[in-house]
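This report concerns only the one structure given below.
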Amino acid sequence: MPMPIPTADGAAMAMYPETMMMGHGYRPEWSEGSLKPPVFQSSTFVFSSAAEGKAFFEVAYGHRGRAPGEAVGLIYSRLNNPNVEILEERIRVWDRAERAAAFESGMAAISTTLMTLLRPGDIVLHSQPLYGGTDHLIRKVLPDFGIEGVGFDVQATADEIEAIADQLGRDRVAMIYVETPANPTNALCDISACASVAARLSVRRRVPVVVDNTYLGPLWQRPLEHGADIVLYSATKYIGGHSDVIAGIALGDAELLDPIRAMRTFYGSVAGPFTAWLLLRSLETMKVRMDAQALGARQVADFLRDHPKVARISYLGHLEPGDQGFDTYKRQCLGAGAMLSVWLDADEAGAFRFLDALQTIHLAVSLGSTESLAQHPATMTHCDVPIDERDHMGVTEGLVRLSIGIEHPDDLIVDLGRALDAI
């Protein structure tokens with residue numbers, strides 16, 4: 001859908017997001033006519049006057065709000081940097097967010113967001129399963145700060161989630177944290193249902209719904225349009241898309257994002273200029289890459305569904321009326337994505353034989369990049385989750401996670417067929 005953006009004469013012009021990725025937030029005359037933003041590899045920035053420096057710090061430290069039309073001044077690259085500012089202006093277009101904050105990793109975005117919004121005594125209700133790093137943060141780190149994490153099934157209804165909140169004490173619930181689709185099972189969580197629960201819990205204070213949208217990326221799901229308050233990304237994945245940068249993004253309205261941006265300053269977790277520059281490069285091709293990945297994933301998923309050594313496959317494009325998650329998928333998602341959860345008819349040893357036999361698909365963690373990747377969640381990304389919980393969530397010995405890249409799908413199918421023969 002085209003998005004209105006201001007032009008040089010103050011008028012509004014509607015453009016599609018993929019068009020805006022070519023230059024929104026940057027003008028060549030700012031940098032000697034350079035078509036692309038240069039890398040602003042500077043630690044500090046010169047003030048035109050002492051009064052200007054004072055004004056910049058007043059805003060940066062929250063001593064006052066920005067005046068109408070006042071830009072955030074450049075001070076020091078731990079606070080802000082031209083490359084980071086261009087990235088944040090550009091990335092917020094996809095989710096139609098008021099603010100964005102760029103971080104040096106996805107976990108930096110997640111941990112800074114949670115540590116900014118949660119306090120001792122708080123409970124964060126979260127969907128299960130979660131990415132292993134997030135699970136570790138909530139399960140083993142936050143309790144040291146007096147913050148408790150309580151999980152609910154990723155496909156739970158609003159009534160079921162609210163019942164858990166009632167059991168725990170409604171006033172203690174300070175956040176609903178959702179990862180959808182779930183990593184690594186590909187199950188969907190109903191964002192609107194979570195938002196309705198959060199609204200009913202927001203009596204004493206605002207209870208935000210925070211959604212990790214890494215699995216579908218900004219092309220295939222827009223959580224803010226379904227009631228989420230904050231969207232998080234491991235920008236390493238589809239946004240970066242080349243397995244050559246580690247980064248994270250948080251997006252939302254100013255009321256929630258401005259404190260997160262301020263905390264980022266003191267945690268020192270802001271993205272560096274070269275990280276931001278690499279992401280700006282990647283944003284230009286993100287839609288093209290993701291479109292190609294989605295087309296390939298459909299063909300690979302169809303092949304795996306019909307293979308006798310595959311017990312089950314979870315691929316959003318295979319959901320049909322009557323299936324659990326189908327209604328959520330049709331209402332919430334803009335595409336099926338390129339992630340496949342494949343339960344092999346095998347134990348751990350058989351899954352390892354399959355993985356070791358792959359040649360075109362690389363055996364590595366991560367996802368969303370141009371090359372196809374495969375990994376074994378139970379012994380890799382989710383090894384820290386207790387085994388009984390893993391089994392309950394479907395993270396079994398036979399589960400293999402596939403991220404489909406931009407290779408020709410016929411070559412991927414040949415590789416997968418050969419590997420399945422090795423089980």
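The values are calculated or read from the model by the stated rules, or taken from the named source; none is laboratory data. All values derive from a computational prediction rather than experimental measurement. When we count neighbours, we look across all protein chains shown, and the Cβ atoms used for this are built from the backbone with ideal geometry, even at glycine.
Comparison of 336, 351, 346 shows that the only residue that is in contact with a His (Cβ under 7 Å, 6 or more places away or on another chain) and in contact (Cβ under 8 Å) with a residue 24 or more places away in the chain is 351.
Name the single residue, out of those in region 310-333 being in a strand (DSSP E or B) and in contact (Cβ under 8 Å) with a residue 60 or more places away in the chain, that is surrounded by the most Cβ atoms within 10 Å (Cβ to Cβ).
Narrowing region 310-333 to residues in a strand (DSSP E or B): 310-314, 333.
Narrowing further to those that are in contact (Cβ under 8 Å) with a residue 60 or more places away in the chain: 310-311, 314, 333.
Numbers: 310: 20, 311: 14, 314: 23, 333: 21.
Within region 310-333, the match that is surrounded by the most Cβ atoms within 10 Å (Cβ to Cβ) is 314.
In this structure, residue 203 does not qualify as outside the structural domain of residue 392 (by TED's automatic domain parsing) and surrounded by 21 or more Cβ atoms within 10 Å (Cβ to Cβ). Please tell me if residue 133 is in contact (Cβ under 8 Å) with a residue 24 or more places away in the chain, assigned to a helix (DSSP H, G or I) and either of a type outside the set (Phe, Trp, Tyr) or surrounded by 21 or more Cβ atoms within 10 Å (Cβ to Cβ) (or both). Here the answer is yes, as residue 133 does meet what is asked. What are the pairs, 6+ residues apart or on separate chains, where a residue within region 235-262 that is not assigned by TED's automatic domain parsing to the domain that holds residue 93 has its Cβ under 6 Å from a residue that is assigned to a strand (DSSP E or B) and aliphatic (A, V, I, L, M)? Short answer, once both residue conditions are applied: none. Only residues that are among the aliphatic types (A, V, I, L, M) and either part of a loop (DSSP other than H, G, I, E, B) or touching a Cys at 6+ places or on another chain (Cβ under 7 Å) (or both) were counted in region 348-373, giving 5.
Which of the strands (runs of 3 or more DSSP E) contained wholly in region 190-297 include at least 2 residues that are farther than 25 Å from residue 19 by Cβ and at pLDDT 95 or above? Lay out the reasoning, then the answer.
Numbers: elements: 209-212, 230-234, 248-252.
Here the list reads 209-212, 230-234.
Can you tell me which residue among 201, 168 is touching a Lys or Arg at 6+ places or on another chain (Cβ under 8 Å) and either free of Cβ contacts under 8 Å to residues at least 24 places away in the same chain or among the hydrophobic types (A, V, I, L, M, F, W, C) (or both)?
Numbers: 168 fails: touching a Lys or Arg at 6+ places or on another chain (Cβ under 8 Å).
Result: 201 is the single residue among 201, 168 that is touching a Lys or Arg at 6+ places or on another chain (Cβ under 8 Å) and either free of Cβ contacts under 8 Å to residues at least 24 places away in the same chain or among the hydrophobic types (A, V, I, L, M, F, W, C) (or both).
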